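Written out below as structure tokens is the structure these notes cover.
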Amino acid sequence: MESKEKGEGEEGEIMGLDELPSALLATIIAKLDMASICSVASTCRTFNSCASHILTFLPIVHLIDVAPSMDLLAPLLPPNPYLTSLKVDCCRLDDSAISHLIRPSLHELFLHNCGDFSGKLLSEIGSQCRDIRSLYLGCVGDKRGRAIHISDLEELLRGCSELETLNLMFDVSTFLRHNFARAWTLASDKLTSLEIGYISSVMVTELLSPTPGPSQFLQQEQPPILPNLQKLCLSVDYITDTMINTISQNLTSLTHLDLRDAPIIEPRVTFDLTNNGLQKINQNGKLKHLSLVRSQEFLITYFRRVNDLGILLMADLCASMESISLGGFCRVTDTGFRAIIHSCTNLYKIKISHGTQLTDLVFLDISATPLSLTHVGLRWCNLLTNLAITHLASNLDLTVLDLRDCRSLGDDTLIAISSLPKLKSLLVDGSDISDTGISHLRERAASSLVSLSVRGCKRLTDKCITALFSSTSKPVLQELDLSNLPNLSDNGVLLLAKSRVPICELRMRQCPLIGDTSVMALASMQVDDERWHGNCLRLLDLYNCGRITALSFRWLKKPYFPRLKWLGVTGSVNRDMMDALARSRPYLHVAGRGEELGTGQWDHADGFYIHDYEEMDELERYILEGDDVVSDEEMAEAEDNEEFED
């Protein structure tokens, strides 16, 4: 950077930015986000020194997109009495990082992937973070040997007296039931939102109606547990009538209830939800958001003891509902589903999955209702046809539409959807659409559509790329899923690269005709003339693509794909090369066992999520500029081994 310039005919000097007073520089740089501060710090020594000073009083530090190691975390988190919000992906950290993460000044703490942490994390938060308002802890103690004791939970609940939002995203069923219920008597009365990763239904019942201790028998009335709780999200073994009744009786301020179960055996009547249980929902009339979902993760099972009568009784009590999600109600017919649509006039989100008896009749008169739906999910509803979607499209405010695995839907569905001016996300996995049909989405892709998934639509070929992106307008599409398309080849990916669509997430898993040419095309892809090749892709899933060889790994090295954070490949292609790639790009998550990549955004509690990519992420670039852990020689050695084995 040139520090001084002589102006022609001027006696004064023009100062460079690095010569500004340090206080002024600090004021300017402090207004940037964390990623931008790191980017500025890498430009010169003056800015680096200023950025280091700013980190001692920066109020917000978010390190979610890149999982820092202990060596990186320490300089990014110096002593800072002004730090109020901290978010970190902790998959590379353990208990040794607790002293850097836990600060008395924190009001918000979000720690993701804490598998290598023990229960000490909970107790330290309770003892030091007295003013914390919002706390998220993910996967604590998941690794073998990382124990969490009930005393750690008690210390957390006792110490965080100002806590308003608590997310414990791990299995709490390992605690002894009686001790677990007793611990929650210590929870803050200010707690309004609680989410637990996994808990048994019996523990939920005992938590909300604990047995009184010896000193409480003389009291006429016990103090209520979680008296001001408004939002409750739980993943349980079984959703039961007893649990629903206990929640309704004890949580009188509840406005948001999200329950999901995943039975491993077919539930008995005493451990299941029936019509009687549905009648107990919303007894206090305050519920606005309801989700009851039976997952088929371990067993193909349904809510077999609930029929139209139960839904009709529930609908009478839920007229003020704004969001409803129902999954696995196999005995509910059009009568029950129509009751919800016609009774809940404030409804703007509805999601129905595994609706085995849901037909077009539910939606034929939807235009006559006062509904203004924005989010609709109809997954695994195989009796639906194009006619239902045609009527559903009368809701012109629709922004998210999930029609995955509705196999009777075809091109007429896309014609109807093309009239939705605000549509941002569309999922039509497994439907009977064609290249011709997808051309009707061209205008949406150019104006509003941010996310599109056509996974498993077998009729699609390379022509679907041309059909979707041949518009003269620059598409706004950022997330595209082309997985399991047997007729998609390298030619289609070349067309995609040529279209210069700013794709951030691209999934093409299990496409047998996709090979090395596709990787080379994406690595060389330019979104616009002023920016570097391949710079937009953050996620690339090529798992089980039939023609990927060792050649592709050469194009997955730096400097190609500089923003890539998630990569899916087939691990059996060459394990040595995959390991070498993972070491050369330590902040790239390389998956080789077929796991789904990213955040699992379509399986969130409310079922609807769109990632925001508007902010430019400079943090990873700053980190990686000085972090060449593995040299090109090591990658070359792995390539030589591959050629020798061949």
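The values are calculated or read from the model by the stated rules, or taken from the named source; none is laboratory data. The model shown is predicted, which means the values in this text are computed figures rather than measured ones. Positions of Cβ are generated from backbone atoms using ideal geometry, with glycine treated the same way; all protein chains shown enter the neighbour counts. We work out accessible area using only protein heavy atoms, side chains counted, and drop any ligands, DNA or RNA first. Shrake-Rupley method; radii C 1.70, N 1.55, O 1.52, S 1.80 Å.
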Item to complete: Test SER127 against the criterion of being under 25 Å from ARG182 (Cβ atoms), open to solvent by 20 Å² or more (accessible area, probe 1.4 Å) and within 24 Å of the chain's Cα centre (by Cα), and give yes or no.
Response: no
Fill in: THR399 being farther than 24 Å from SER343 by Cβ and at pLDDT 95 or above
no
Worksheet item: Of all the residues that make up region 5-25, how many are of a type in the set (D, E, K, R) and either modelled with pLDDT of 75 or more or under 25 Å from LEU77 (Cα atoms) (or both)?
Response: 1
Worksheet item: Which condition number in (1) open to solvent by 10 Å² or more (accessible area, probe 1.4 Å); (2) at pLDDT 95 or above; (3) touching a Lys or Arg at 6+ places or on another chain (Cβ under 9 Å) is the one that ASP365 fails?
Response: (2)
Worksheet entry | Qualifying residue in region 614-623 (condition: at pLDDT below 60, under 18 Å from the mean Cα position of the chain (by Cα) and surrounded by fewer than 16 Cβ atoms within 10 Å (Cβ to Cβ)) | yes
Worksheet entry | Contacts under 8 angstrom Cβ, first residue in region 245-269 being more than 20 Å from TYR198 (Cβ to Cβ) and modelled with pLDDT under 95, partner open to solvent by 20 Å² or more (accessible area, probe 1.4 Å) and part of a strand (DSSP E or B), 6 or more apart | none
Fill in: Condition met for LYS474 (outside any helix (DSSP H, G or I), over 20 Å from SER434 (Cβ atoms) and either of a type in the set (Val, Ile, Thr) or under 30 Å from the mean Cα position of the chain (by Cα) (or both))
yes
Worksheet entry | Subset of region 64-80 (residues that are farther than 17 Å from SER134 by Cβ and either in a loop (DSSP other than H, G, I, E, B) or of a type in the set (S, T, N, Q) (or both)) | ASP65, VAL66, ALA67, PRO68, SER69, LEU77, PRO78, PRO79, ASN80
Worksheet item: What are the residue pairs meeting all of these: first residue in region 506-520, first residue farther than 13 Å from LEU540 by Cα and open to solvent by 10 Å² or more (accessible area, probe 1.4 Å), second residue at pLDDT 95 or above and not in a loop (DSSP other than H, G, I, E, B), Cβ atoms under 6 Å, and 6 or more apart or on different chains?
Response: LEU513/SER489; THR517/ASP490
Practice prompt. Working only within region 295-326, note down all residues that are under 31 Å from the mean Cα position of the chain (by Cα), without any contact (Cβ under 8 Å) to a residue 60 or more places away in the chain and not in a loop (DSSP other than H, G, I, E, B).
Written response: ILE311, MET314, ALA315, ILE324, LEU326
Worksheet item: Does region 26-42 contain at least one residue that is polar (S, T, N, Q), outside any helix (DSSP H, G or I) and modelled with pLDDT of 75 or more?
Response: no
Worksheet item: Condition test on CYS344, is it surrounded by 18 or more Cβ atoms within 10 Å (Cβ to Cβ), over 27 Å from ILE281 (Cβ atoms), touching a strand residue (DSSP E or B) at 6+ places or on another chain (Cβ under 8 Å) and free of Cβ contacts under 8 Å to residues at least 40 places away in the same chain?
Response: no
Discussion item. Given the condition touching a Lys or Arg at 6+ places or on another chain (Cβ under 9 Å), in a helix (DSSP H, G or I) and modelled with pLDDT of 95 or more, answer yes or no: does some residue in region 227-242 qualify?
Written reply: yes
Practice prompt. Looking for whichever is closer than 23 Å to TRP184 by Cα, at pLDDT below 90, of a type in the set (Lys, Arg) and not in a strand (DSSP E or B) here; the options are ARG158, ARG146. Which one fits?
Written response: ARG146
Worksheet item: Would you call LEU539 out of contact with any Asp or Glu (no Cβ under 7 Å at 6 or more places or on another chain), surrounded by 17 or more Cβ atoms within 10 Å (Cβ to Cβ) and at pLDDT 65 or above?
Response: no
Item to complete: Select from region 368-381 the residues that are modelled with pLDDT under 95 and under 29 Å from the mean Cα position of the chain (by Cα) and list them in ascending order.
Response: LEU371, SER372
Worksheet, complete the sentence: Of GLY607, GLY594, GLY534, GLY571, the only residue that is touching a strand residue (DSSP E or B) at 6+ places or on another chain (Cβ under 7 Å), outside any helix (DSSP H, G or I) and either modelled with pLDDT of 85 or more or not basic (Lys, Arg) (or both) is GLY607
Item to complete: Being over 28 Å from the mean Cα position of the chain (by Cα) and open to solvent by less than 70 Å² (accessible area, probe 1.4 Å) is the filter here, so list the residues in region 58-80 that pass it.
Response: PRO78, ASN80
Item to complete: Give the residues of region 81-98 that are over 19 Å from SER134 (Cα atoms) and open to solvent by 10 Å² or more (accessible area, probe 1.4 Å), sorted by residue number.
Response: CYS91, ARG92, ASP94, ASP95, SER96
Discussion item. On the basis of being part of a loop (DSSP other than H, G, I, E, B), under 22 Å from LEU191 (Cβ atoms), under 27 Å from the mean Cα position of the chain (by Cα) and modelled with pLDDT of 95 or more, does LEU106 make the cut?
Written reply: yes
